[in-house]
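Participant: Below you'll find the structure I mean.
Just so you know, all these numbers are worked out from the coordinates, no wet-lab data involved. The structure presented is a predicted model; accordingly, all values stated were derived computationally and were not measured. No Cβ is skipped: glycine too gets one built from the backbone with ideal geometry, and neighbour counts run over all protein chains shown.
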Amino acid sequence: MNFVRLTVFKEVVRQGSLTRAAKHLTYTTSAVSQHISALERELGAVLLERLPRGVRLTEPGRALLDHVERILDEYHAAKGTLEAIAAASGGRLRLGSFPTADATLVARAVARFRRSFPAVDLTLHRVDLAEAAHRLVTGELDISLVYLFDGQDHRQLTGLELGHLLDDPLHVILPVGHRLAGAGPISLADLAEENWIQGTRQNPVDEVLPEVCAQAGFLPRVVLRTDDQMSVQGLVAAGVGVGLVSSLAVPVLRADLVARPVAEPGLTGRIHTAQPLGLTRLRSANIMRELLVEAARSTFRPDVPPRVPLPAHRC
């Protein structure tokens, strides 16, 4: 159905005249008449009775008018919603992430986004790699952070576009009184006799750590698994074992722990943004991506002021 014709019809009825409606709509009277005639042909009914001075609704015209009011109201409401989404000033944005990034990269990016676009319904979803890939492809997420290692199976990321944010060298965390708690990189071979605390088997580190440790001449003795980063820190501090943390977590480490970089290569993860390929993306998702890029840059160079300009429009 042609919404322009419905709008013209509504205005003609309101004005009671083709000429007055044309003047209000800044159309010619002929154009208004053509719209009304086309609408009547489309619906197969005479809607207006032409009088010497003005017009009068017919019975079909009166029946249509009730529907036109509702149709146009719904149309303009929907149009406003879509325009708001396109302008990143309304609608929703669904962002996937993981715990370490939530407290650092995501927190910084979300803070800037919320200040500029408070009308956007922003939700944060905690997802692992497989879930992020699935939910992006099915449209359940608009953008997500993903964590990858070189050599990891990336086939599940088919259909996604990745944008590199930063490299993340993992650190071993130890109690402050540990024999290896001194400064500088630590060799994994020195940890061969230690108990290890790791994440669940959905954690990408689990795919890589055994291989890297095997190259150092041992297999890690895992005594406990948890994905809760605060639990890992508490368990390490209590002497249950040693663990690995992202470099993002080092600045906020507990005071009774020390973090040492791993000397061997292979335990550096890469954090990316991921978005679906071949789809019209929300402008708000693209803005969030740029804010995440800026947050990643400033995380390691906090002395450099932000460079990402935000759109001037605010809600």
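Participant: Would you work out the relative contact order for region 3-86, in percent, from Cα pairs under 8 angstrom that are 6 or more residues apart?
Facilitator: In percent, rounded to a whole number, it is 27.
Participant: Select from A183, G61, M230 the residue farthest towards the positive end of the dipole of the chain; place +1 on Cβ of Lys and Arg, -1 on Cβ of Asp and Glu, and compute about the Cα centre.
Facilitator: In the chain, that residue is G61.
Participant: Let me ask you something else. Helix 283-300: angle to the longest alpha-carbon principal axis of the chain, degrees 0 to 90, nearest 10?
Facilitator: Helix 283-300 and the main axis of the chain meet at about 20 degrees.
Participant: Going by C-beta contacts inside 10 Å, put M288, M230 in order with the fewest on the left.
Facilitator: M230, M288
Participant: Please determine, in degrees from 0 to 90 and to the nearest 10, the orientation of helix 3-15 with respect to the longest principal axis defined by the Cα atoms of the chain, where the helix direction is its Cα long axis.
Facilitator: Helix 3-15 sits roughly 50 degrees off the main axis of the chain.
Participant: Right, something else. Shape call for region 4-104 from the C-alpha gyration tensor, a ≥ b ≥ c root eigenvalues: rounded (a/c under 1.5), prolate (a/b greater than b/c) or oblate? All intermediate terms of the calculation are to be shown ahead of the outcome.
Facilitator: Working: a/c = 4.39, a/b = 3.06, b/c = 1.43.
Prolate shape, in that a/c is at least 1.5 and a/b is the bigger ratio.
Participant: Suppose each label sits 7 Å from its Cα in the direction of the beta carbon; what would the V222-H67 distance come out to in nanometres?
Facilitator: 6.3
Participant: If you take every DSSP beta bridge fully contained in the chain, what fraction is antiparallel? Give it as a percent rounded to 5.
Facilitator: The antiparallel fraction comes to roughly 65 percent.
Participant: Oh, and also: Tell me the relative contact order for the chain as a rounded percent, counting alpha carbon contacts under 8 Å between residues six or more apart.
Facilitator: Rounded, it is 22 percent for the chain.
Participant: Follow-up. Per residue Cα convex hull volume for region 171-266, in cubic angstrom?
Facilitator: Given the Cα convex hull of region 171-266, per-residue volume reads 91 Å³.
Participant: Using 13 Å as the cut-off for backbone N distance, which residues of region 233-271 belong to the label zone defined by a point 7 Å from the Cα of D190 along Cα→Cβ?
Facilitator: Within reach of a label on D190, which here means backbone N under 13 Å from a point 7 Å along Cα→Cβ, region 233-271 contributes 259-264.
Participant: Using a Förster distance of 51 angstrom, determine the FRET efficiency expected from the C-beta separation of Y75 and V176, and round it to 0.05.
Facilitator: Values: r = 66 Å, r/R0 = 1.29.
Calculated value: 0.20.
Participant: Describe numerically, in nm with one decimal, the distance between label points set 7 Å from Cα along Cα→Cβ at V240 and at R115.
Facilitator: Simple spin-label model gives 3.9 nm for this pair.
Participant: Determine, for K23, K10, the number of other Cβ atoms within 10 Å of each Cβ, and report the residues in order from fewest to most. List each step's numbers first, then the result.
Facilitator: On the way: K23 14, K10 17.
Least crowded to most crowded, the residues run K23, K10.
Participant: Taking region 105-151, how much of its Cα-Cα pair set, in percent, is spaced more than 13 angstrom apart?
Facilitator: Roughly 63 percent, once rounded to a whole number.
Participant: Out of these labelled values of log10 I(q)/I(0) by the Debye sum over Cα atoms at q = 0.10, 0.14 Å⁻¹, [x] -0.69, -1.05; [y] -0.68, -1.30; [z] -0.54, -1.07, which was calculated from the coordinates shown here?
Facilitator: [x]
Participant: Given points 7 Å out from each Cα along the Cα-Cβ axis, report the R126 to K23 separation in nanometres with one decimal.
Facilitator: With each label point 7 Å from Cα toward Cβ, the separation is 6.7 nm.
Participant: Could you sort 157-167, 205-215 so that the peptide with the highest average Cβ count within 10 Å comes first and the rest follow in order? Each step should come with its number before you reach the end.
Facilitator: Working: 157-167: 15.3, 205-215: 16.8.
Ranked from most to least packed, the peptides come out as 205-215, 157-167.
Participant: With both bridge residues required to lie in region 171-266, what share of the DSSP beta bridges run antiparallel, to the nearest 5%?
Facilitator: Restricted to region 171-266, the bridges split so that about 55 percent are antiparallel.
Participant: Relative to the present Cα-Cα distance, how much length would full extension add between E49 and R297 at 0.36 nm per residue of separation?
Facilitator: Value of the extension gain: 82.4 nm.
Participant: Given charges of +1 on the Cβ of Lys and Arg and -1 on the Cβ of Asp and Glu, with all other atoms neutral, how large is the dipole of the chain about its Cα centre, in debye to the nearest 20?
Facilitator: 1780
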